[in-house]
Amino acid sequence: MSLKNPSLLPRYEALRVQLQNAIVEDANAGEVLQALRTLDNPPPVFFPGNRVAEAAPHVELAFAWHPESIPLSLYMYCNNEPVPGAMGIFSGGRLFVPIPAPLLKPRGAENEVVAFMRFMVGRWKYQLWMDVDGQRKRVDQGRDTTSGSADDDSFIRTVRFGGRTE
């Protein structure tokens, strides 16, 4: 008996391996992150659209790190307000954090997202991506330069977007 909807698990696993390789090789991982996001959020064709919700600006930050077993402590704020779902310890090597529309300033005003990050174990690499209304770009990347010391395992990253230039 054939399945009408074959499992996405093999495709997901293949994309996860590509993402891991892209981070290890310091290559551009954006297309792989987009493919993983598509698997997590099926295209809107399958669900009725909410035109009011679609009119609001969409902002999402994506974190990807390697090795994926390393826990990442994250506390994220948008315009000095905590971002729901972006407070705690995460593992798995990837995290997509949508910024709720009520936390964003009106179009034309500058928004600021601050991420407090700490890797719980050394020998990490990471990339931080931002998607604003479908325009995706890498905003930061880094690696553990002193794997024997915890001196560089904690840091703060600030991302500004909006304003008159965007």
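Tell me, what % of the accessible area of segment 58-162 is carbon and sulfur with a 1.4 angstrom probe?
Values: 2580 of 5140 Å².
For segment 58-162, the apolar C and S fraction of the accessible surface comes to 50 percent.
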| query | Using a 1.4 Å probe, what is the accessible area per residue for segment 58-162, in Å²? | reply | 49 Å²
| task | Starting at the first residue of segment 118-123, write each ³J(HN,Hα) from the Karplus equation 6.51 cos²θ - 1.76 cosθ + 1.60 with θ = phi - 60°, in whole Hz, x for Gly and Pro. | result | 8, 8, 7, 9, x, 6
| field | Hydrodynamic radius by Kirkwood, which averages 1/r over all alpha carbon pairs of segment 85-166, in angstrom | value | 14.5 Å
| note | For segment 58-132, the Debye formula with one identical point scatterer on each Cα and no solvent gives log10 I(q)/I(0) at q = 0.12, 0.14 Å⁻¹ as -0.33, -0.44
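The values are calculated or read from the model by the stated rules, or taken from the named source; none is laboratory data. Computed from a prediction, not measured in an experiment: that's the story for all the values here. What goes into the accessible areas is simple: the full protein's heavy atoms, side chains included, and nothing from ligands, DNA or RNA. Shrake-Rupley method; radii C 1.70, N 1.55, O 1.52, S 1.80 Å.
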